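Structure record follows, encoded as structure tokens.
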Amino acid sequence: MEKPKHKAWVKGSHWFVTLSFFILLVTGFEMTMVHPRFYWGEVGNDLTPALFEVPVSINYKHGGWDQITPFSDEPNSPVTGVRTFDIFNQNSWGRSLHFLGAWILVLVGLLYLILGILTKHFSKHLLPKKKELSSEAIKQEFKQHINLKIPPATFGPSYSLFQKSAYLLVIFFLFPVMILTGFTMSPGITAAYPFLLKMFFGAQSARTIHFLASFTLVLFLLVHLVMITKSGFKNQLKGMTTGK
Amino acid sequence: MKKKPSLTRRDALKAGAVALGGLLLPSCSTPLPPTYGKILRMSDNLTYVAQRTLLPGQALAKEYSYSDISSFPALGTVDPGDSSKEYYSEEYEKLRKGGFADWKIKIEGSVANPGYYSLADLQLFPKQSHITRHTCEEGWTAIAQWTGVSLGTVLQSVGILPSARYVNYYSYDGWADSIDLMDAFHPQTILAYGMNGKNLPIQHGAPVRMRVETQIGYKSMKFLNKIVVTDEFSEFGDPNWSWFTGI
């Protein structure tokens with residue numbers, strides 16, 4: 001039996017998601033540069049302790065806070081302070097471009113989900129078959145991966161178990177988490193759907209999870225590129241574009 | 001000095017309701033902010049339309065308890081009365097020296113009774129307080145208690161006209177911005193004169209600042225000095241920053 005080729009809508013959505021991911025990554029990095037501090041809970045700013053700080057841009061540990069004044073006479077009163085340091089900030093286009101990328105991701109993603117269900121793409125090609133889940137088969141595939149013995153490109157969705165798992169994780173977990181934590185940073189959306197704040201432990205936790213999930217997606221991208229190279233970069237590119 | 005109302009309260013409420021209805025019902029005939037063919041502005045408008053269409057417009061932002069109040073950075077203009085800064089306002093410096101006793105906000109445009117409101121005038125309106133989260137576009141958040149008067153109440157008392165669509169506001173340090181009537185009449189949108197149980201501190205926009213709890217922090221402009229109700233969208237200053245920032 002001949003192995004199936006990638007469908008046109010799969011190829012199309014792959015490249016649209018690639019484009020949006022690239023836009024989101026660049027602008028997301030820009031926003032990280034503007035405020036490279038991450039927190040847990042609802043609140044976090046330069047006058048509260050950070051969970052961790054990312055050493056990017058001149059805004060990293062810049063200091064420059066003056067006139068620290070407590071709001072009340074109580075001990076441990078929260079304070080206000082005046083910023084004396086001109087920070088790096090390109091969020092004007094950064095934010096808007098990020099949301100343009102997000103629109104592409106969300107709209108293409110929805111179309112992809114609908115077609116994936118209707119054409120049974122998910123059940124046929126992404127859901128692991130029973131025989132793939134035997135411990136013997138898993139051991140076998142683990143060995144192959146450890147030795148970087150990656151089978152050559154098939155020009156279509158004949159995926160191995162690890163490949164399927166990685167795709168399922170990205171499509172049905174990481175991207176939804178990215179989108180929902182993105183929503184949780186929005187004052188308008190959380191006013192309408194406050195459960196998001198509970199779900200992600202607060203607006204700043206959502207931002208931190210957003211950052212960590214994006215980091216995981218970048219790791220996926222690197223592994224994805226290594227695997228494509230190992231299985232024949234030119235053929236894989238053909239398989240995802242012209243077909244053959 | 002407060003002008004004597006020539007409209008009854010009922011008339012004003014009706015006018016406000018008609019103006020709101022005009023925004024809500026024929027959404028096709030409501031012109032969107034101009035995009036000038038810029039792709040980022042088009043995408044911002046898509047976000048605006050999507051949020052206005054999909055979300056219940058008057059849903060309340062989450063309110064917190066007193067113990068949740070956090071430290072709160074002050075940035076941008078921290079004192080328009082500072083003559084060493086380019087945003088210096090001589091008028092503001094004078095008002096500040098007088099403890100803002102002579103401060104007045106001008107409300108004009110598409111309203112039946114344009115006029116000036118002093119701090120004392122504003123404080124005659126029902127007082128409103130909420131503890132909410134401020135979300136700065138930079139990425140940080142802070143929680144504070146804000147006390148003031150509902151912007152919707154003030155707009156109704158000046159007799160906002162049915163043709164009105166946007167509320168423009170201006171500050172002593174030279175900023176201008178606007179919101180649509182959905183946000184202007186949002187129950188948590190207030191002209192705030194108090195913060196954390198005290199008068200609004202200088203660095204947070206004394207004597208009165210805007211609070212729009214359903215948008216990003218920069219819509220909550222500090223150091224207000226004028227409000228103009230308009231029928232058309234007005235383009236201000238730096239169009240690189242998104243006008244609608246519900247997300």
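The values are calculated or read from the model by the stated rules, or taken from the named source; none is laboratory data. What you are looking at is a predicted structure, and each value in this text was computed from that prediction instead of being measured. Cβ coordinates were reconstructed from backbone atoms using ideal geometry, including for glycine residues, and neighbour counts include every protein chain displayed.
Set side by side, the residues A:Ser134, A:Ser165 differ, and just one is more than 23 Å from B:Glu138 (Cα to Cα) and at pLDDT 95 or above, which is A:Ser165. Among residues of segment B:150-168 that are on the phi > 0 side of the Ramachandran plot, those with a beta-carbon under 9 Å from a residue that is part of a helix (DSSP H, G or I) at least six positions away or on a different chain give the pairs B:Gly159/B:Asp11; B:Gly159/B:Ala12; B:Gly159/B:Ala15; B:Gly159/B:Gly16.
The listed residues are A:Lys5, A:Lys11, and the only one of them that is closer than 30 Å to A:Ile117 by Cα, surrounded by 14 or more Cβ atoms within 10 Å (Cβ to Cβ), in contact with a Lys or Arg (Cβ under 8 Å, 6 or more places away or on another chain) and more than 9 Å from chain B (Cβ to nearest Cβ) turns out to be A:Lys5. One residue stands out among those in segment A:93-130 that are more than 9 Å from chain B (Cβ to nearest Cβ) and aromatic (Phe, Trp, Tyr): the one that is surrounded by the most Cβ atoms within 10 Å (Cβ to Cβ), which is A:Tyr112. Restricted to helices (runs of 4 or more DSSP H) entirely inside segment B:106-199, those with at least 3 residues that are closer than 30 Å to A:Asp73 by Cβ and over 15 Å from the mean Cα position of the chain (by Cα) are B:119-124.
Report yes if some residue within segment A:105-127 is farther than 29 Å from B:Ile143 by Cβ and among the charged types (D, E, K, R); otherwise report no. Yes: segment A:105-127 contains one or more residues that are farther than 29 Å from B:Ile143 by Cβ and among the charged types (D, E, K, R). Residues considered: B:Ala164, B:Ala176, B:Ala184, B:Ala206. Of these, the only one that is among the hydrophobic types (A, V, I, L, M, F, W, C) and closer than 25 Å to B:Ser70 by Cβ is B:Ala206.
Based on this model, can you work out whether B:Gln203 counts as within 14 Å of another protein chain (Cβ to nearest Cβ) and either small (Gly, Ala, Ser) or part of a loop (DSSP other than H, G, I, E, B) (or both)? Show your work before the answer.
Details: within 14 Å of another protein chain (Cβ to nearest Cβ): yes; either small (Gly, Ala, Ser) or part of a loop (DSSP other than H, G, I, E, B) (or both): no.
Answer is no for this residue.
Going through (1) more than 14 Å from every other protein chain (Cβ to nearest Cβ); (2) closer than 20 Å to B:Ala176 by Cα one by one, B:His134 falls short only on (1).
So, of the residues in segment B:229-247 that are among the polar types (S, T, N, Q) and either closer than 18 Å to B:Asp183 by Cα or in contact with a strand residue (DSSP E or B) (Cβ under 9 Å, 6 or more places away or on another chain) (or both), which turns out to be surrounded by the most Cβ atoms within 10 Å (Cβ to Cβ)?
Looking only at segment B:229-247, we keep the residues that are among the polar types (S, T, N, Q), and these are B:230, B:234, B:240, B:242, B:245.
Okay, now just the ones that are also either closer than 18 Å to B:Asp183 by Cα or in contact with a strand residue (DSSP E or B) (Cβ under 9 Å, 6 or more places away or on another chain) (or both), so B:230, B:234, B:242, B:245.
Numbers: B:Thr230: 16, B:Ser234: 13, B:Ser242: 26, B:Thr245: 24.
Taking the candidates together, the pick is B:Ser242.
State whether one or more residues within segment A:225-242 are within 19 Å of A:Gly116 (Cα to Cα), basic (Lys, Arg) and out of contact with any Gly (no Cβ under 8 Å at 6 or more places or on another chain).
Going residue by residue through segment A:225-242, those that are within 19 Å of A:Gly116 (Cα to Cα) are A:239-241.
Adding the requirement that they be basic (Lys, Arg) leaves none.
The answer is no; no qualifying residue exists.
Could you please let me know if A:Pro4 is free of Cβ contacts under 8 Å to residues at least 12 places away in the same chain and part of a loop (DSSP other than H, G, I, E, B)? Walk me through it before giving the result.
Working: free of Cβ contacts under 8 Å to residues at least 12 places away in the same chain: no; part of a loop (DSSP other than H, G, I, E, B): yes.
No.
Among the candidates A:Phe162, A:Phe173, which residue alone is loosely packed, with under 13 Cβ neighbours inside 10 Å, in a helix (DSSP H, G or I) and without any contact (Cβ under 8 Å) to a residue 24 or more places away in the chain? Among A:Phe162, A:Phe173, only A:Phe173 is loosely packed, with under 13 Cβ neighbours inside 10 Å, in a helix (DSSP H, G or I) and without any contact (Cβ under 8 Å) to a residue 24 or more places away in the chain.
Could you tell me whether B:Lys219 is within 24 Å of B:Tyr66 (Cβ to Cβ) and either within 12 Å of chain A (Cβ to nearest Cβ) or of a type in the set (A, V, I, L, M, F, W, C) (or both)? Reasoning before the result, please.
Values: within 24 Å of B:Tyr66 (Cβ to Cβ): no; either within 12 Å of chain A (Cβ to nearest Cβ) or of a type in the set (A, V, I, L, M, F, W, C) (or both): yes.
It is false that B:Lys219 is within 24 Å of B:Tyr66 (Cβ to Cβ) and either within 12 Å of chain A (Cβ to nearest Cβ) or of a type in the set (A, V, I, L, M, F, W, C) (or both).
Check whether at least one residue in segment A:144-159 is among the polar types (S, T, N, Q), free of Cβ contacts under 8 Å to residues at least 60 places away in the same chain and under 30 Å from B:Thr132 (Cβ atoms), and report yes or no. Looking through segment A:144-159, none of the residues is among the polar types (S, T, N, Q), free of Cβ contacts under 8 Å to residues at least 60 places away in the same chain and under 30 Å from B:Thr132 (Cβ atoms). Take the residues in segment A:55-92 that are in contact (Cβ under 8 Å) with a residue 40 or more places away in the chain and under 25 Å from A:Ser20 (Cα atoms); name whichever of them is surrounded by the most Cβ atoms within 10 Å (Cβ to Cβ). Residue satisfying both the conditions and the ranking: A:Asn91.
Entry remark, segment A:65-98: residues being part of a loop (DSSP other than H, G, I, E, B) and farther than 29 Å from A:Leu25 by Cβ number 9 in total. Of the set (1) within 24 Å of A:Asn45 (Cβ to Cβ); (2) touching a helix residue (DSSP H, G or I) at 6+ places or on another chain (Cβ under 6 Å); (3) in contact (Cβ under 8 Å) with a residue 60 or more places away in the chain, all apply to B:Trp175 but (2). Exactly one residue out of B:Tyr48, B:Tyr116, B:Tyr66, B:Tyr36 is crowded, with 18+ Cβ neighbours inside 10 Å and either more than 8 Å from every other protein chain (Cβ to nearest Cβ) or not basic (Lys, Arg) (or both): that is B:Tyr48. Mind listing just one residue for me: the one in segment A:185-220 that is of a type in the set (Gly, Ala, Ser), assigned to a helix (DSSP H, G or I) and touching a residue at least 12 places away in the same chain (Cβ under 8 Å) and, of those, nearest to the other protein chains (Cβ to nearest Cβ)? Only one residue fits best here, namely A:Ala203.
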